[in-house]
1. Look through ASP11, ASP40 and report the one residue that is free of Cβ contacts under 8 Å to residues at least 40 places away in the same chain and either among the basic types (Lys, Arg) or over 17 Å from GLU70 (Cα atoms) (or both).
2. Within region 30-74, which residues are under 15 Å from SER94 (Cβ atoms) and out of contact with any Gly (no Cβ under 9 Å at 6 or more places or on another chain)?
3. Looking at GLY33, GLY61, which is the one that is in contact with a Phe, Trp or Tyr (Cβ under 8 Å, 6 or more places away or on another chain) and in contact (Cβ under 8 Å) with a residue 12 or more places away in the chain?
4. Looking at region 182-205, is at least one residue over 18 Å from LEU150 (Cα atoms), modelled with pLDDT of 85 or more, more than 19 Å from the chain's Cα centre (by Cα) and exposed (fewer than 15 other Cβ atoms within 10 Å of the Cβ)?
5. What number of residues within region 137-181 satisfy the criterion of being part of a helix (DSSP H, G or I), surrounded by 12 or more Cβ atoms within 10 Å (Cβ to Cβ) and at pLDDT 80 or above?
6. Please specify each residue of region 60-109 satisfying the condition of being surrounded by 15 or more Cβ atoms within 10 Å (Cβ to Cβ), in a loop (DSSP other than H, G, I, E, B), in contact with a strand residue (DSSP E or B) (Cβ under 7 Å, 6 or more places away or on another chain) and among the hydrophobic types (A, V, I, L, M, F, W, C).
Amino acid sequence: MTTIIIFEDDDQLRDSLVALIGNSNSNDYTVIGNYSNAMDAATIVRRYKPDVVIMDIHMPGKTGIEAVSEIKEARPQTFIIMYTMFENDESLFSSLCAGANGYILKKTSPFKLFEAINEVMEGGAPMSPSIAKRVLQSFEVKSSRHEYHLTPREKEILQLLVKGYSIKIIADELNISFDTARTHLKNIYPKLHVNCGKEAIAKVLRERII
């Protein structure tokens, strides 16, 4: 039985999702909670331990993206599927960088949610077709490795980042301040045409930049 919690501020849509999942032809899914905001999302997830969270992005009080980070810190094993009308790059990559496991557009058939839930439970990263295209485009090689213009220090930081070091550990390892290490990372991301550390690591490994 896959347990699910829904965070969605549109009452009608939320009720529809609860009914859709509850009335599915199988008994494989059950909604154990549904909420109109994500203010206490981390506490709720920690208490009820759902397998999957379906998360809207724009809600009153706290955005779904903020909630994703808190949920992943509280209970990393819970999978999170963003269910939103927003398909802009900022919402997409902010969600993925925060730890979301999937990104489904509301204009997609609601029944696609069942596919997404199954896929995420099997370790996949479900995405609406247009969203998947954006992600693929973001990973396209936009310049050769010789045109990234990384400084020796930035390459050192990337090497440690690939090893899984946090910003604090990178700073300690290189004997620099936390703020300096963070500034270097902020400078690295636009050079690599990425939005966060996860994308940077993927690109470094894929293109063997260092």
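The values are calculated or read from the model by the stated rules, or taken from the named source; none is laboratory data. Just so we're clear, the structure is a prediction, and the values are computed from it rather than from any experiment. As a convention, Cβ positions derive from the backbone with ideal geometry for all residues, glycine included, and neighbour counts pool all protein chains shown.
1. On the way: ASP40 fails: either among the basic types (Lys, Arg) or over 17 Å from GLU70 (Cα atoms) (or both).
Just one listed residue meets the conditions, ASP11.
2. Step one: list which residues in region 30-74 are under 15 Å from SER94 (Cβ atoms), which gives 38, 55-59, 62-72.
Within region 30-74, MET59, LYS62, THR63, GLY64, ILE65, GLU66, ALA67, GLU70 meet the criteria.
3. On the way: GLY61 fails: in contact with a Phe, Trp or Tyr (Cβ under 8 Å, 6 or more places away or on another chain).
After ruling out the rest, the residue left standing is GLY33.
4. No, every residue in region 182-205 fails to be over 18 Å from LEU150 (Cα atoms), modelled with pLDDT of 85 or more, more than 19 Å from the chain's Cα centre (by Cα) and exposed (fewer than 15 other Cβ atoms within 10 Å of the Cβ).
5. Going residue by residue through region 137-181, those that are part of a helix (DSSP H, G or I) are 137-138, 145-147, 152-162, 167-174, 178-181.
When the remaining residues are screened for being surrounded by 12 or more Cβ atoms within 10 Å (Cβ to Cβ), the result is 138, 145, 153-162, 167, 169-174, 178, 180-181.
From what's left, at pLDDT 80 or above: 153-162, 167, 169-174, 178, 180-181.
The total comes to 20.
6. Once the filter is applied, which keeps residues that are surrounded by 15 or more Cβ atoms within 10 Å (Cβ to Cβ), in a loop (DSSP other than H, G, I, E, B), in contact with a strand residue (DSSP E or B) (Cβ under 7 Å, 6 or more places away or on another chain) and among the hydrophobic types (A, V, I, L, M, F, W, C), region 60-109 yields only ALA100.
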